[in-house]
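Reading through the structure tokens given below for one structure.
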Amino acid sequence: MADNFKDLKWYSQFFRKCSKCGTCKSAYSYGPPPTNATICPQGEYFKLDSYYGSRAKSFLGQAILENRVDLTDPAIQEDMQKAVFSCTVCGGCQTQCQLDYKPWIIDYIEEMRHNLVNRGIGPTKAEKIYQDKVIKDHNPYGETHSSRFNWLKDVRNLKTDGNTVYFAGCTASYRRTEIAKSTASVLTKLGEDWAVMGENEYCCGSPLLRAGLREEPQKLAEHNVDYLNDHGFKTIVTACAGCYKVLAKEYEKWWGLKLKAKVLHTSQYLEEKMKKGELKLSSVPATVTYHDPCHMGRHMNHYEVDMEGKKQWKGSYIQIDKPGLYETPRNVLKAIPGIQFKEMYRNRDNSFCCGAGGGIKASYPDVALETAKTRIKEAEGLDGVQKMVTPCPFCVTNLGDATKALGSKVEVVDLIQLVDQALKK
Ligand code: SF4
Ligand code: SF4
């Protein structure tokens, strides 16, 4: 099947417009008072200009495209792989940039990875290992495929037909089963006629796409879309930010694979219920803050680009015409009685990545951990915050690892767990 990926030469019309101003190295607020906040996990870890933000990536793209570096030299290959693959692809730099390069930054970084994969300079060793696991067992953790829904045995019998299907994803299925169980519990308490895909649920493909791979995630996409479309579900619900981005946006964007069912993150599903007055929540007394997963927030921003040159010039960036899921999860969280909400300084478009995305937790675990520690410390700086709430099992995992490493009193929980606790039976 044909795909819609663009090559590095195509992206060069945009990354060449980078003025090298350096704005993408930090999040700047004009105040009052004016403040600078770190935004780039990769730059903050390595402290090298050649790693900071989308500015560095435009230099690297030019170097690759114009053969300014000898990519047959093993030492340069190693440096190039590190510079391109140790970025969390969080999009923090993208939201700072205001030039025509802005809308394309995330996709361009992943295309640069794909270009290096084609040259044998990627994926990283760790990504290659989990790629093989996904091909063999349909999950990056190397767990047996037949055990994917073992968590469900504690909840109810396997049911594969219904109005709504819960796409659990690999992390909730194998590593954060408490999140899968809470999601199941919430759907049941709300009287939903819900199903799972059982052995037909394969990895959504996100870990492979993020590593610059193309054919393998396409096979996963085709499998998942065929099954979901053949089974007449009306709604697909997922509690994972990574799965959400792939299902709601990327299957169609990259391969034209259109899902017949509506795709909702659990926070959207809950907000819909809230608006209909169907969410009866009891008190959960706690002081909490909220962490924005990049794949639900910045990655879901929709950019208006004037490709025809009707409003400005061809290819000009106009505006973000549809923001990512920033308010929806906050609305659900704030609707729980007893919750005292405190916002972290870096939030929404200016949020700081948890550090796990873009293959980093596997390939550069120190970068992932140090980034998450920074985020936990930010929450600790808010007076009285007991919990950091986030609606993504992968963020929960990495931020939870940081709380353990720091010995922090801040507990990391998934939004769906709090809702499950608050939801009356
Ligand atoms: S990517 Fe954008 S913000 Fe960063 S240096 Fe280039 S023009 Fe400036
Ligand atoms: S995507 Fe995130 S980690 Fe990568 S350069 Fe941009 S801000 Fe830094």
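The values are calculated or read from the model by the stated rules, or taken from the named source; none is laboratory data. None of these values were measured; they are calculated from a predicted model. Here the Cβ is made from the backbone with ideal geometry for all residues, glycine too, and neighbour counts use every protein chain on show. Accessible surface areas use protein heavy atoms only, side chains included; no ligands, DNA or RNA. Shrake-Rupley method; radii C 1.70, N 1.55, O 1.52, S 1.80 Å.
Here is the list for the stretch 42-148: trypsin sites (Lys or Arg not before Pro) lying in DSSP coil, each with at most 16 other C-beta atoms within 10 angstrom of its C-beta, are K47, R68, R119. Annotation note: trypsin sites (Lys or Arg not before Pro) in the stretch 256-292 located in DSSP loop regions with a Cβ neighbour count of at most 10 within 10 Å are K258, K276. For the stretch 339-358, backbone nitrogen atoms closer than 20 Å to the point 7 Å from E380 Cα along Cα-to-C-beta are found at 342-347, 352-356. Take the residue pairs K181/K280; K219/K262; K57/K314; K47/K133 and return only those whose Cα atoms are more than 31 Å apart. K47/K133, as the Cα separations exceed 31 Å there. Each listed q (0.26, 0.27 Å⁻¹) maps to a log10 I(q)/I(0) for the stretch 213-258 from the Debye sum over equal C-alpha point scatterers, namely -1.08, -1.14. Model label points for S146 and A37, set 7 angstrom from Cα along the Cα-to-Cβ axis, are 4.9 nm apart.
Of all DSSP bridge pairs formed entirely within the stretch 232-331, close to 55 percent run antiparallel.
Give the separation of the Cα centroids, the stretch 335-361 to the stretch 319-333, in Å. Computed from Cα coordinates, the inter-centre distance equals 12 Å.
K9 sits with roughly 150 Å² accessible to a 1.4 Å probe, with DNA, RNA and ligands left out of the calculation. Note on the chain: GNM, Cα springs under 10 Å; of S146, S26, S206, the largest mean-square fluctuation is that of S146. So for the stretch 270-420: antiparallel DSSP bridges make up what percent, rounded to the nearest 5? Of those bridges, close to 35 percent are antiparallel. Computed on the chain, the Cα convex hull volume stands at 150 Å³ per residue. A straight Cα-to-Cα reach below 12 Å connects K125 with the aspartates and glutamates E78, residues fewer than 8 places away in its own chain not being considered.
Of H231, H114, the order by accessible heavy-atom surface (1.4 Å probe, DNA, RNA and ligands excluded), from most exposed downward, is H231, H114.
No solvent, one uniform scatterer per C-alpha: report log10 I(q)/I(0) for the stretch 139-275 via the Debye equation at q = 0.09, 0.15, 0.20 1/Å, two decimals. Relative scattering, expressed as log10 I(q)/I(0), comes to -0.23, -0.68, -1.25. Per residue, the chain exposes 41 Å² of accessible surface when a 1.4 Å probe is rolled over the protein heavy atoms with every protein chain present.
Summarising the strand pairing of the chain, around 35 percent of its internal DSSP beta bridges are antiparallel. Here the Gaussian network model covers the chain, with springs between Cα atoms less than 10 Å apart; of N163, N36, N115, N36 fluctuates the most. Of W254, W104, W313, the residue with the largest accessible area leads and the full order is W313, W104, W254 (1.4 Å probe).
Sites listed here are GluC sites (Glu not before Pro) in the stretch 1-99 whose DSSP assignment is loop and whose Cβ has at most 12 other Cβ atoms within 10 Å: E66.
Of K322/K387; K273/K342; K322/K409, which ones are farther than 31 Å apart at the Cα? Numbers along the way, then the final one.
On the way: K322/K387 29 Å; K273/K342 24 Å; K322/K409 36 Å.
From the list (K322/K387; K273/K342; K322/K409), the Cα-Cα distance tops 31 Å for K322/K409.
What a 1.4 Å probe finds exposed on the stretch 139-275 is 44% carbon and sulfur by accessible area, rounded to a whole percent. Residues considered: G169, G338, G407. Largest GNM mean-square fluctuation over the chain, using C-alpha springs under 10 Å, is found at G407. Once every Cα of the stretch 200-298 carries one equal point scatterer and solvent is ignored, give the base-10 log of I(q)/I(0) from the Debye formula at q = 0.10, 0.18 Å⁻¹, two decimals. At q = 0.10, 0.18 Å⁻¹ the computed log10 ratios are -0.34, -0.90. FRET efficiency for the pair L99 and K153, taken as 1/(1 + (r/R0)^6) with r the Cβ-Cβ distance and R0 = 56 Å, rounds to 0.60. The value given for the stretch 1-157 is a Kirkwood hydrodynamic radius of 17.7 Å, derived from the mean inverse Cα-Cα separation.
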